[in-house]
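Quick notes on the structure that follows.
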Amino acid sequence: MSKRRPLTNRSGEVRELARADFARFRPAPEVLPTAITVALKRGRPKLEAPRQMVSLRLEPDVVAALRATGRGWQTRVNALLRDAVLKKRA
């Protein structure tokens, strides 16, 4: 078995990589523990029931009043609609 050249020299500088070096590389999920690969996944976790995009026409004064409540107004509209639907069911 041939001796592998180290990837760095004594001062820590990485040497120029050869084709043989790249051939030995493996994808991260194959060599890292599962906990690390899970932590490295990008983005938010997928929701079981993601919200649906809808188009809704509202009167300007209603939209102005909702927007005047500040950031998160769309989430508050969702809560208001949910409350109204649940009250009607009861």
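Yes or no: GLY72 on the phi > 0 side of the Ramachandran plot and modelled with pLDDT of 90 or more? It would help to see each step written out before you state the result.
Numbers: on the phi > 0 side of the Ramachandran plot: yes; modelled with pLDDT of 90 or more: yes.
In short, yes.
For region 1-21, give me each residue that is part of a helix (DSSP H, G or I) and charged (D, E, K, R).
ARG19, ASP21
For (1) closer than 30 Å to VAL77 by Cα; (2) without any contact (Cβ under 8 Å) to a residue 12 or more places away in the chain, each residue gets a yes or a no:
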position	(1), (2)
GLY12	no, yes
ALA20	no, yes
ALA28	no, no
THR34	no, yes
VAL38	no, yes
GLY43	yes, yes
LYS46	yes, yes
PRO50	yes, yes
SER55	yes, yes
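So that you can scan it fast, the table gives a plain yes or no per residue for (1) surrounded by 10 or more Cβ atoms within 10 Å (Cβ to Cβ); (2) of a type outside the set (A, V, I, L, M, F, W, C):
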{"residue": "ARG10", "(1), (2)": "no, yes"}
{"residue": "ARG19", "(1), (2)": "no, yes"}
{"residue": "ALA35", "(1), (2)": "no, no"}
{"residue": "ALA39", "(1), (2)": "no, no"}
{"residue": "PRO45", "(1), (2)": "no, yes"}
{"residue": "GLN52", "(1), (2)": "no, yes"}
{"residue": "LEU56", "(1), (2)": "no, no"}
{"residue": "PRO60", "(1), (2)": "no, yes"}
{"residue": "ALA65", "(1), (2)": "yes, no"}
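The values are calculated or read from the model by the stated rules, or taken from the named source; none is laboratory data. Note that this is a predicted model, so its numbers are computed, not measured. So basically every Cβ, Gly included, is an ideal-geometry build from the backbone, and we count neighbours across all protein chains shown.
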